[in-house]
Amino acid sequence: MFFHLFIYRIKSSVRNVQLMFWTLAFPILLASFFGLAFSNLNKADAFSEIPIGVVKTGTFGADSTLQSHLDAVSSESDDPLLTITYYSTAEEAETALSDKQIKGFLVDDADGLHLHLLSNGLDETITKQFLDWYLQVSASVERIVRTNPSGAPAISGILEKNVTYITEQKTGANAPNSTLTYYYALIGMTCLYGAFMGLDQVSCVQANQSPAGARLNLAPVSKLKVFACSLCAVTLIQYLTILLLVAYLSFVLHVDFGNRIGFILLASFAGCCAGVSFGAVLGAVIKKGDGIKSGILIGSTMTMSFFAGLMQASIKYAAIKAAPFLAYINPAEWISDAFYALYYFDTYDRFFQNVALLFAFSFVMYLIVYAIMRRQQYASL
Amino acid sequence: MRVFKACFRIIWKNLPTLAIYLAIFLFFALILSFSGASNQPEHYADKKSRIMIINEDEGGEVADGLVQFLSGECQIVTPEKEKVAQLDSLFSEDAEYILSIPSGFTDDFLSGKHSLTIGKMIVPNSTTGVQVDLLVQKYLDTFRLYAETGRVTSDDTAALETIRKNIREDLDHSTDIVWAGAAQTGSVQTAAYYFKYLSYTILSVMILGVSTIMRVFNKPDLRRRMLGSPLAATRVNLELFLGMLCYAVAVWAVMMAISLVFVGPAVADQRIVLMILNALVLTVTALSLSFLCAQFIRGPGSQHSVANVIALGTSFVSGVFVPQSLLGDTVKNVASFTPTYWYVTAVEDISTLSSFGLQNTRDIYLAMLIQMAFAAAFLVVALGLGRQKRRKSN
Amino acid sequence: MVVEVKNLVKRYGDLIALDHLDMEVREGEVFGLLGPNGSGKTTAINCILSLLSYDKGEILVFDQPMRPTSYQIKKDIGIIMQNVAVIDELTVYENIDYFCGLYVADKKKRAPLVEEAIDFVGLNDFRKFYPKKLSGGLLRRLNIACGIAHKPRLIILDEPTVAVDPQSRNNILEGIERLNKEGATIIYTSHYMEEVEQICSRIAIMDKGRIIAQGTKDDLKNMIRIGEKITIECLTGDPNDLIDAIGELPFVASADAREKNLLVTTERGHNGLSSLVQIVHDKGIQTGRVYCELPTLNDVFLEITGKELRD
């Protein structure tokens, strides 16, 4: 009997176009959009040389230290920072700047060094810092020569000596990468879309929600037994769709999940259970109106996913910072955070906390469902 | 104007649903723009890296000097004790750079051995990393210059104090900045965020709303009855479109009223006026697109699918959630076939606009024209499809 | 006794849906439950099936009290609902197999039952079709197949012919007669009296949650005063002139004139057509068509409740 119910539930769920769209096609479509949008993002975060113009007029060239300073960081050097283009007039440089060929240009005249900038970004800041450094070292050298002439001969030796002050430390299990938040939130959303499945199963066994449900109530089988079989079936389907999504993300879009596969499987399963149970509660609590049910379902899962960082990764952290309890009431957040913890941390505390929350959530949801569905007779149909 | 009136009555009947859609998506847009405006570093008037310093060498002159210096140059994030919390803030880019100074660093530094190093944790290859590296290098190099030329040891507190003072003075030198172009005002920037995210709201609300209304008119029997009436089919469709246009304008008006929250008195700014106009253009385009979508939508389920795919999809590829400057060329080429792309382009252009001559605004008006062209195309296809369907059913 | 309902009361708030209902269904009969829309037929059925809770009363099925968990009883019941209750994502065959499987767990035993049910409703050519592709009539047949595949001893059909074309309707009615011949007891609800007259061996008429009359067709018709309705078309003269004369006849219950027609109802057990025609001719009036109608269940209903049974 179990097998019979199980197989037919799988058949009818897989053939349900609406259901499959939300649980499989939509997430994969959205993932592909993410892939497109983020394809350049990590590259953009990587540092690239800054195009800067230098106007060769006025006093420029007279001060050879500036020239050698610039050479030391130009494209030809070992450690390039700037790509330098030389202009003979300020007007030429101005045009290049407004055409956005260069980020800024440098004029060295009688009253000092001037950096002409268009906007205020990181590249501009770095350029300015580099030039500041030049001015600052000059000041230090000048001071030493003035106050401590005996130390002066050592200066160039000291400046040329390359001392490493900083070593990079390993972060977590893997390097931080904020675009992952989007993908993990997407998995959260997809797991919660398992709610469509849960919703469907309730209406299939409740006599007051569908004719087929009424027919089922008249059969010599316990309704709850049928319901349990149905839940097993759809949780399995949902689990497979999640694994498909994770595989798609991992192999096609090259999203990094770390390499603890067993735990990834566990997290996916916990997410599925939470999603399906959430739908079951919605189905049991809201009696009538398919439109209303799916509206509420989509609205609530979208909101939860939104706060887990689906549309903007920074929302996730901003929300939790502003209201820490959000981290404890949002299943989408638990799912995405479980994946995040698995990717980023060596330890398992955070991961298991999330997984435990998910299972506890499912358990409570099913308790509610049981309390409502236990009734075998209806006051009205 | 029978159909127009009926259309209005249906809108009125569905007002709660439509209002809920509008409220939800506006809420999203509002949160996004507030968080976007505060999280996107490019728009800080003075760009400072957010760093976390864990100083285990407190009391050491070099370490304290460095911390003091960095505090002036960067935005210091409250240090976290737990490694997990540190990593968290790094992943979320709450702190972009975590710097830990080992105890005994000062003594080691002054002895010239340089065997102890400062640990850093960063997002790999980030620009912030380069910037902070530069600051640390600069401070310590200067310190070394003074310490070695003056042969200062770690117990010579007075000398070290002097060095710290000297370095502060030296490092105070800075390049004179000359700004080319107009400065950007904060409210225009925030408004730009709001308007960018609004494209997601506009598309969602329009598709959901229009399909809710059109579902009534597209019921096969009702459709047949209307076609059986002496009204010309094109007239019926045009009246419907007109009815929806009222809905669209109402939606637009609400969104613009909310935008005043950000803009305040700057609403008179020509840039804001342009953004408002641009939003109206997109609303009309979205209306036209929704009209087309409604030809395919039957149930409430497919309504949500279409709205979500179109709104989220175009927003991601057009640079609503991820800035256009960070999108790849292929993506941008693909995106240029969506009106959203041109809307976002216009918003970005408007926000950096410094003068309002035709020379500078040409591209903006062009982007709006392209959106209108999309609107016309969608409408023509929708009406054409309607006609074809009718033939088929005949 | 297959079904026994005693003193059943069901309220929806202030509305009394079933008002002290008593009902009996005997082994082997086709029991018709006839009543206008909203008279409580479906509510009664749902209570018998223990789907609905009720406020008072006792229900026995196969001489045992019926409860939601009376699985042993449920095994022997087949239901065909008013609404088509099938699963859209399963084919015709799969639907029947699925529902049959809830009653017959053994796959080997089930397969021939499913085949038989498909044959029975004549859906052989459509076994791989999805319900959405079926016409209204075929869908109804599928609905029936899902309810009877497990060979129940009691079959309840709740308005199975609503909105069905005449051909499918006949097919369904014949099927019900066949099931009855094969030994199943049938409860059939409808608001079409013709159907009920055609197939039911015993009929109960319901109104406002009560059974107002029950018995065989003839029993019911015997309950009322009217015998036959006679219509005489008068080609010449005014039928109004005849009313007084005819009204005086001992077997005539009423006489009336409508346009050129003379309408006479007779007392039960009398006909007197020939004497009526004689009187008309005696008045020198030429007669056109002359016909009599036997009383229908509608007349029964009309006389008992004072309103028409039809919608």
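Leaving out same-chain residues fewer than 8 places away, which lysines sit with a Cα under 25 Å from that of A:Lys321?
Here the lysines satisfying the reach criterion relative to A:Lys321 are B:Lys47, B:Lys48, B:Lys81, B:Lys83, B:Lys120, B:Lys196.
List the trypsin sites (Lys or Arg not before Pro) within region C:180-227 that fall in a DSSP loop (any state other than H, G, I, E or B) and whose Cβ has at most 14 other Cβ atoms within 10 Å.
Details: sites: C:Lys181, C:Arg202, C:Lys208, C:Arg210, C:Lys217, C:Lys221, C:Arg225; in loops: C:Lys208, C:Arg225.
Here the trypsin sites (Lys or Arg not before Pro) that fit, given the DSSP loop and packing criteria, are C:Arg225.
Counting only protein heavy atoms, what percent of the accessible surface of the protein assembly as shown is carbon or sulfur at a 1.4 Å probe?
Carbon and sulfur together cover 57 percent of it.
A:Lys287: which aspartates and glutamates have alpha carbons under 14 Å from its alpha carbon, excluding same-chain residues fewer than 8 sequence positions away?
Partners found: A:Asp200.
Quickly rank B:340-350, A:147-157, B:132-142 as a protection proxy: mean count of other C-beta atoms within 10 Å, highest first. Spell out each step's value before the answer.
Working: B:340-350: 25.5, A:147-157: 12.7, B:132-142: 20.8.
Listed from highest to lowest mean packing, they are B:340-350, B:132-142, A:147-157.
Looking at the square roots a ≥ b ≥ c of the eigenvalues of the Cα gyration tensor of region A:299-372, which shape do they give, rounded for a/c under 1.5, prolate if a/b is larger than b/c, or oblate?
Values: a/c = 2.23, a/b = 1.28, b/c = 1.75.
Cα axes put region A:299-372 in the oblate bin.
Sorted by mean Cβ packing within 10 Å, highest first, what order do the peptides A:170-183, C:236-249, C:13-26 take?
Values: A:170-183: 20.4, C:236-249: 14.8, C:13-26: 16.3.
Ranked by mean Cβ neighbours within 10 Å, highest first: A:170-183, C:13-26, C:236-249.
What average number of partner chain Cβ atoms lie no more than 10 Å from the Cβ of the residues making up B:283-292? Walk me through the numbers before you get to the answer.
Values: counts 0, 0, 0, 0, 0, 0, 0, 0, 0, 0.
That works out to 0 on average.
To the nearest 0.05, what FRET efficiency results for B:Gln137 and B:Arg362 with a Förster distance of 41 Å applied to their C-beta separation? Please list the in-between numbers first.
Working: r = 46 Å, r/R0 = 1.11.
Efficiency, from the Cβ-Cβ distance: 0.35.
Compute the acute angle (0 to 90°) between the alpha-carbon long axis of helix C:166-181 and the principal axis of greatest extent of the alpha-carbon atoms of chain C; round to the nearest 10°.
70
If you stretched the chain out fully between C:Asn222 and C:Cys292, how much longer would it get, using 0.36 nm times the residue separation minus the C-alpha to C-alpha distance? Show your work: numbers first, answer last.
Details: separation 70, 0.36 × 70 = 25.20 nm, distance 1.73 nm.
Result: 23.5 nm gained on full extension.
Heavy-atom accessible area per residue, chain C, 1.4 Å probe: how many Å²?
Details: 14150 Å² over 311 residues.
Heavy-atom SASA per residue in chain C reads 46 Å².
Using a 1.4 angstrom probe with every protein chain in place, what is the largest-first accessible-area order of A:Ser336, B:Ser100?
On the way: A:Ser336 5, B:Ser100 25 Å².
Final ranking, largest accessible area leading: B:Ser100, A:Ser336.
Report relative contact order for chain B in percent, whole number only (criteria: Cα-Cα under 8 Å, sequence separation at least 6). Walk me through the numbers before you get to the answer.
Values: 443 pairs, mean separation 70.4, N = 394.
The normalised contact order for chain B reaches 18 percent.
For B:Lys13, give me every one of the lysines with a C-alpha distance below 20 angstrom, ignoring sequence neighbours fewer than eight places off in its own chain.
Cα-Cα hits under 20 Å: A:Lys288, A:Lys293, B:Lys5, B:Lys219.
Total accessible area buried between chains B and A, 1.4 Å probe, in Å² to the nearest 100? Show your work: numbers first, answer last.
Values: alone 20700 and 20550 Å², together 33150 Å².
So the total buried area for this chain pair works out to about 8100 Å².
What distance in nm separates the two pseudo spin-label positions at C:Ser274 and B:Val273, each 7 Å out from Cα along the beta-carbon direction?
10.6
Could you compute how much accessible area chains C and A hide from each other, both sides summed, with a 1.4 Å probe? Nearest 100 Å² is fine.
Numbers: alone 15520 and 20550 Å², together 33120 Å².
Buried area between the two chains comes out at roughly 3000 Å².
So in chain A, what percent of DSSP beta bridges are antiparallel if you round to the nearest 5?
Numbers: 6 of 16 bridges.
Of all bridge pairs located within chain A, approximately 40 percent are antiparallel.
Report relative contact order for chain C in percent, whole number only (criteria: Cα-Cα under 8 Å, sequence separation at least 6). Display every interim value, and only then the final one.
Numbers: 592 pairs, mean separation 61.6, N = 311.
This gives 20 percent for chain C.
From other protein chains only, count the Cβ atoms within 10 Å of every residue's Cβ in B:316-322, then give the mean.
Details: counts 10, 5, 1, 1, 3, 9, 11.
Across the residues of B:316-322, the mean count of other-chain Cβ atoms within 10 Å is 6.
What is the angle, in °, between the Cα long axis of helix B:15-39 and the longest principal axis of the Cα atoms in chain B? Nearest 10 is fine, range 0 to 90.
The answer is roughly 20 degrees.
Across the residues of A:139-150, average count of Cβ atoms on other protein chains within 10 Å? Let's see the in-between values first.
Working: counts 8, 12, 4, 1, 6, 6, 1, 0, 5, 4, 1, 3.
Other-chain Cβ atoms within 10 Å of each residue's Cβ, averaged: 4.
Excluding ligands, DNA and RNA, what is the solvent-accessible area per residue of chain A at a probe of 1.4 Å, expressed in Å²?
About 39 Å² of surface per residue is accessible.
Once you have a ≥ b ≥ c as the square roots of the Cα gyration tensor eigenvalues for chain B, tell me rounded if a/c is under 1.5, and otherwise prolate or oblate according to whether a/b is larger than b/c. List each step's numbers first, then the result.
Numbers: a/c = 3.71, a/b = 2.88, b/c = 1.29.
Note, shape of chain B comes out prolate.
Which sequence of A:Ser314, A:Ser268 reflects their accessible areas, 1.4 Å probe, from the largest down? Don't skip to the answer; put the middle values down first.
Working: A:Ser314 20, A:Ser268 0 Å².
So the residues, ranked largest to smallest area, are A:Ser314, A:Ser268.
The values are calculated or read from the model by the stated rules, or taken from the named source; none is laboratory data. Predicted model only: the values in this text are computed from it and were never measured. Backbone-built Cβ (ideal geometry, glycine too); neighbour counts: all protein chains shown. These area figures cover heavy atoms from the full protein model, side chains too; ligands, DNA and RNA do not enter into them. Shrake-Rupley method; radii C 1.70, N 1.55, O 1.52, S 1.80 Å.
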